1. Filter segment 176-198 down to residues that are of a type in the set (D, E, K, R) and touching a Lys or Arg at 6+ places or on another chain (Cβ under 9 Å) and give me whichever is surrounded by the most Cβ atoms within 10 Å (Cβ to Cβ).
2. Look through segment 210-227, keep the residues that are within 19 Å of the chain's Cα centre (by Cα) and modelled with pLDDT under 80, and return whichever of them is least open to solvent (accessible area, probe 1.4 Å).
3. For segment 152-169, which positions are open to solvent by less than 30 Å² (accessible area, probe 1.4 Å) and not in a helix (DSSP H, G or I)?
4. For residue 260, only one of the following conditions fails: (1) assigned to a helix (DSSP H, G or I); (2) at pLDDT 85 or above; (3) surrounded by 14 or more Cβ atoms within 10 Å (Cβ to Cβ). What is its number?
5. Out of 63, 41, 90, report the one residue that is more than 23 Å from residue 167 (Cα to Cα), touching a Ser or Thr at 6+ places or on another chain (Cβ under 7 Å) and either modelled with pLDDT under 95 or of a type in the set (Phe, Trp, Tyr) (or both).
6. Scan segment 328-340 and give yes if some residue there is in a helix (DSSP H, G or I), touching a residue at least 60 places away in the same chain (Cβ under 8 Å), buried (at least 16 other Cβ atoms within 10 Å of the Cβ) and in contact with a Cys (Cβ under 7 Å, 6 or more places away or on another chain), otherwise no.
7. Cβ-Cβ below 7 Å, separation at least six or inter-chain, first residue in segment 55-70 and surrounded by fewer than 19 Cβ atoms within 10 Å (Cβ to Cβ), second in a helix (DSSP H, G or I): which pairs?
8. So, in segment 163-191, exactly how many residues are of a type in the set (Ser, Thr, Tyr) and touching a residue at least 60 places away in the same chain (Cβ under 8 Å)?
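The values are calculated or read from the model by the stated rules, or taken from the named source; none is laboratory data. Predicted model, so just to flag it, every value in this text is computed and none were measured. Cβ placement follows ideal geometry from the backbone for every residue including glycine, while neighbour counts extend to all protein chains displayed. Areas reflect the complete protein model, heavy atoms only, side chains present, ligands, DNA and RNA absent. Shrake-Rupley method; radii C 1.70, N 1.55, O 1.52, S 1.80 Å.
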Amino acid sequence: MVSIVVPTYNESSNVLEVCKRVMSAMDGYDFEIIFVDDSTDHTPAVLEDLSHQYSFVKYEHRDTEKGLATAVLRGFALAQGDVLAVMDADLQHPPEMLPAMMKGIEEGNADLVIPSRFIPGGDDGGLRWHRKVISAVARYIGKFALKRLRKINDPTSGYFVFRREVIENVTLKPVGWKILIEILARGNYAKVIEIPYKFQMRNAGESKMSLREQWNYLKHLFLLVLASPDDRRFYSFVLVGLSGVVLNLVIYDILFHLGILPLLASGIAGVVSIGNNFWWNDRYTWIGPKQSSTKIRLLKYFGTSLIGVGITVSCFGLFYSYLGIYHLLAQFLGIAISTVWNYFISVVWTWRVKSISIQKVN
């Protein structure tokens with residue numbers, strides 16, 4: 001069975017059309033539509049009539065709780081299907097896409113299928129220009145913040161279908177209205193398929209966009225970063241690196257003004273900062289069981305970081321001695337370049353981190 005979860009808010013004029021178009025699109029499938037309704041108008045009465053008219057329609061009206069994300073979670077709890085779909089009731093998500101989405105699940109062996117506005121054949125023409133700007137900013141903030149979103153072209157979509165196993169034994173804690181990023185960040189899956197679709201103009205109903213929801217989106221991303229070892233690790237590494245940068249620059253400047261040769265001062269400052277960075281990274285960035293002893297990790301870190309020091313000094317020499325850049329700026333640029341090396345080698349060798357891979361088919 002396919003369970004199609006549709007959150008509604010004052011959309012009495014849409015729900016009948018949703019039912020008819022889903023029924024037509026899903027002909028041949030065993031399916032149910034679950035409306036979770038937070039309306040303040042007569043939408044509950046319309047849904048009550050539809051539940052008597054169509055056996056595949058279920059609904060629940062909520063008086064004590066509001067919000068799209070919690071409505072979708074409630075729909076998941078009520079769903080009987082092995083495959084779950086989420087779509088809006090305003091018909092910006094065309095129900096006619098459902099068979100193509102199911103094909104991705106059945107024939108493409110995907111765990112999650114997302115209709116995308118941003119791959120060839122897709123279109124976001126249903127949004128006005130200012131909404132397109134807001135949507136693009138939100139999308140790229142999410143892709144920057146969360147590693148699992150980076151290979152997804154349309155991670156903020158509200159239209160998707162997935163196997164129930166994706167969220168089994170997963171505690172979902174969405175904030176706001178972007179439930180898909182919650183599932184992408186926390187879910188258990190190996191293969192994602194994106195298929196093109198054309199986002200439609202709103203048929204009726206009220207937009208869920210507001211300043212409060214935009215704030216909730218940012219809050220949601222922050223909480224997901226904290227909950228994601230991969231993403232939290234990167235930002236922790238950056239913070240530790242910044243402490244090392246400050247220490248490095250202070251020591252270098254002291255040595256420089258004591259008359260130490262600039263290249264030697266750069267090297268000494270780099271070695272001292274290595275010890276600082278290892279201590280913080282080993283205790284806070286890579287929390288949990290380690291695959292090697294502290295001594296081995298320390299030797300690996302010092303060995304690879306000495307290469308980083310060499311990169312820093314070489315870049316410093318290039319920027320300061322040959323390009324004439326101010327010595328503190330030259331040192332900072334050398335540090336920035338070597339940081340890329342240090343993080344990469346720390347992940348793949350020093351602490352040997354394995355990340356979940358995501359396969360995407362356009």
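1. 194
2. Taking segment 210-227 and keeping what is within 19 Å of the chain's Cα centre (by Cα), we get 213-227.
Adding the requirement that they be modelled with pLDDT under 80 leaves 213-215.
Values: 213: 43, 214: 61, 215: 161 Å².
The residue in question is 213.
3. Scanning segment 152-169 gives 152, 154, 155, 156, 157, 158, 159, 160, 161, 162, 167.
4. With (1) assigned to a helix (DSSP H, G or I); (2) at pLDDT 85 or above; (3) surrounded by 14 or more Cβ atoms within 10 Å (Cβ to Cβ) applied to residue 260, the lone miss is (1).
5. Result: 41 is the single residue among 63, 41, 90 that is more than 23 Å from residue 167 (Cα to Cα), touching a Ser or Thr at 6+ places or on another chain (Cβ under 7 Å) and either modelled with pLDDT under 95 or of a type in the set (Phe, Trp, Tyr) (or both).
6. yes
7. 60/74; 60/78; 61/44
8. Filtering segment 163-191 down to residues of a type in the set (Ser, Thr, Tyr) leaves 171, 189.
Remaining after also requiring touching a residue at least 60 places away in the same chain (Cβ under 8 Å): 189.
Going through segment 163-191 one residue at a time, the tally reaches 1.
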